[in-house]
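Engineer: Got a structure for you, questions after.
The values are calculated or read from the model by the stated rules, or taken from the named source; none is laboratory data. Being a predicted model, the structure only gives us computed values, none of them experimental. Note that we place each Cβ from the backbone using ideal geometry, even for glycine, and neighbour counts take in every protein chain shown. Each accessible area value is taken on the protein alone, full model and side chains, heavy atoms only, with ligands, DNA and RNA left out. Shrake-Rupley method; radii C 1.70, N 1.55, O 1.52, S 1.80 Å.
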Amino acid sequence: MDKYIINGGNKLYGSIDIQTAKNSVLPILAATVLTDDKVRIINAPNITDAKNMVKILSRLGCKAVFEGNDLIIDSSFADNHEIPSELAHELRSSVFLLGSVISRFHMAKIAYPGGCDIGLRPVDLHLTGLKRLGVEISEESGYIVCKCDKLHGNEIMLDCPSVGATENIMLAAVKAEGVTIIKNSAREPEIEDLQRFLNCMGAKVRGAGSGTIIIEGVKKLSGCEFLPIPDRIESGTFLVAAAMCGGEIEIKHTCAENISSLLHKLRENGCKIRINNDKIVLENNRRLMSVKSIETQPYPGFPTDLQAQITALCCICRGQSIITENLFETRFKYVPELRRMGADITVINRNAFVRGVDGFKGATVVAHDLRGGAALVSAALAAEGRSEVLDISHIDRGYGSFEYKLRMLGGDIVRVTV
Ligand code: EPZ
């Protein structure tokens, strides 16, 4: 189990590159099963979730090799439609594979992806959508078993704009017979990126980002080379860390448009933000003002994946804030850890009530999930004194070279293997 040892108090200065988006690369990796040609994912992020998805693809018979920072997938030898349970539990988003594996084999079997650190994570919308495309689904001792004679297009109305359900249905529909229309689809930038990737392979998908996606089934998809969009959540995580520590940082190869809801809040806090094409500079050298309220919403609302980070920032602002988590049931597990660092924060149901304090005090805290762990690291960097952040394997799931990039900016952070 690795941990971070952090000596807080340094301001952050300098410039870092943003990785390609974890939440783009995962469904794109699932989509590689749809072709027998090679696919090159340029600058794939060096994160555990991507490595676990590659492990699952290998168990399906796909060949995956890293060539420098690029990841090359060859699915021509894929011959297995069962996704191993130990890996399905390790990587919840392996459920995206259902759509592409059914499309290729007309069969799929995956262990029921249970809940996780942030909530129940049901998959009912995924399964309802797949059934509309002609998939027969049964549940056998903890497994989801799917089969179909032929996938056919249909109209699907999602009860809520689920990112995963939208992606799973897209993957099943691109080679189905006929047209599929997904209404009330998720509008996240990663959905548009998946559309761009699928069309790069020869699919006919349009409307991503609008809330209604139209897919005309095609017979065959070919390989391609593809550079996924920047990781908007990594971008936001570093900007919030700089806002908390003070200083001036530049993040490069990012996309300000995809985190405009966060930038709006950070400006309201009092941060100076300059945008220049794919670069964002954030400067802050004073105690920030609280924002009254922040509510997480599906895109383009405030992203749930930045909720923990902005809450940690609110803890050391002047004034009070209310943060409401509308998407997941238990996404405040990091709060007791922040309290250990001196935060004045109370959670009632889906609301966190924060009273700003002058600053955090160093402490030993535990990461319980990916984004909560990242928030604790930022709090420790801003704190007075020494902190330890334990169980950082959660953070490794979504942040490549996290401590390296923070050290580049002047953060006093080292990884220790215990
Ligand atoms: C994706 O998860 C992201 N993961 C999550 O990022 C992100 O927090 C989430 O979208 C929301 O933006 C990946 O893309 C790999 P959802 P997903 O389906 O697809 C309910 C991170 O930190 N729902 O949009 O699982 C669900 O309970 C991760 O990078 C159903 O009710 O999220 C939740 O309340 C964490 N039935 C809401 O929809 C379903 O069948 C949003 O979930 C599916 C979802």
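Engineer: For the condition touching a strand residue (DSSP E or B) at 6+ places or on another chain (Cβ under 9 Å) and of a type in the set (Ser, Thr, Tyr), what is the one hit in 48, 35?
Structural biologist: On the way: 48 fails: touching a strand residue (DSSP E or B) at 6+ places or on another chain (Cβ under 9 Å).
It is 35.
Every residue, every condition in (1) within 28 Å of residue 374 (Cβ to Cβ); (2) of a type in the set (Val, Ile, Thr); (3) in a loop (DSSP other than H, G, I, E, B), yes or no:
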| position | (1), (2), (3) |
| --- | --- |
| 193 | yes, no, no |
| 197 | yes, no, no |
| 209 | yes, no, yes |
| 213 | no, yes, no |
| 218 | no, yes, yes |
| 241 | yes, no, no |
| 257 | yes, no, no |
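Engineer: Can you tell me which of 338, 381 is open to solvent by less than 10 Å² (accessible area, probe 1.4 Å) and closer than 25 Å to residue 14 by Cα? Before the answer, list the steps.
Structural biologist: Values: 338 fails: closer than 25 Å to residue 14 by Cα.
Step by step, each of 338, 381 is checked, and only 381 is open to solvent by less than 10 Å² (accessible area, probe 1.4 Å) and closer than 25 Å to residue 14 by Cα.
Engineer: Pick from 131, 147, 183: which is modelled with pLDDT of 95 or more, of a type outside the set (S, T, N, Q) and closer than 23 Å to residue 23 by Cβ?
Structural biologist: On the way: 131 fails: closer than 23 Å to residue 23 by Cβ; 147 fails: closer than 23 Å to residue 23 by Cβ.
Among 131, 147, 183, only 183 is modelled with pLDDT of 95 or more, of a type outside the set (S, T, N, Q) and closer than 23 Å to residue 23 by Cβ.
Engineer: Given the residues 366, 354, which is the only one that is among the hydrophobic types (A, V, I, L, M, F, W, C) and over 17 Å from residue 117 (Cβ atoms)?
Structural biologist: Exactly one of 366, 354 is among the hydrophobic types (A, V, I, L, M, F, W, C) and over 17 Å from residue 117 (Cβ atoms), namely 354.
Engineer: Any residue in the range 158-169 that is more than 16 Å from the ligand (Cβ to nearest atom) and either open to solvent by less than 20 Å² (accessible area, probe 1.4 Å) or out of contact with any His (no Cβ under 6 Å at 6 or more places or on another chain) (or both)?
Structural biologist: Taking the range 158-169 first, the residues more than 16 Å from the ligand (Cβ to nearest atom) are none.
Scanning the range 158-169, I find no residue that is more than 16 Å from the ligand (Cβ to nearest atom) and either open to solvent by less than 20 Å² (accessible area, probe 1.4 Å) or out of contact with any His (no Cβ under 6 Å at 6 or more places or on another chain) (or both), so the answer is no.
Engineer: For the range 343-358, what are the residues that are surrounded by fewer than 19 Cβ atoms within 10 Å (Cβ to Cβ), outside any strand (DSSP E or B) and of a type outside the set (S, T, N, Q)?
Structural biologist: 350, 357, 358
Engineer: Mind listing just one residue for me: the one in the range 10-30 that is over 17 Å from the mean Cα position of the chain (by Cα) and crowded, with 17+ Cβ neighbours inside 10 Å and, of those, nearest to the ligand (Cβ to nearest atom)?
Structural biologist: Applying the filter and picking the extreme gives 16.
Engineer: Sticking with this structure for a sec: With 33, 65, 25, 39 as the choices, which residue is free of Cβ contacts under 8 Å to residues at least 12 places away in the same chain and of a type in the set (Val, Ile, Thr)? Write out each step before concluding.
Structural biologist: Details: 33 fails: free of Cβ contacts under 8 Å to residues at least 12 places away in the same chain; 25 fails: free of Cβ contacts under 8 Å to residues at least 12 places away in the same chain; 39 fails: free of Cβ contacts under 8 Å to residues at least 12 places away in the same chain.
Sole residue among the options that is free of Cβ contacts under 8 Å to residues at least 12 places away in the same chain and of a type in the set (Val, Ile, Thr): 65.
Engineer: Please state which of the following conditions residue 60 fails to meet, knowing it meets all the rest: (1) within 14 Å of residue 31 (Cα to Cα); (2) open to solvent by less than 20 Å² (accessible area, probe 1.4 Å); (3) touching a strand residue (DSSP E or B) at 6+ places or on another chain (Cβ under 6 Å).
Structural biologist: Status for residue 60: all satisfied but (3).
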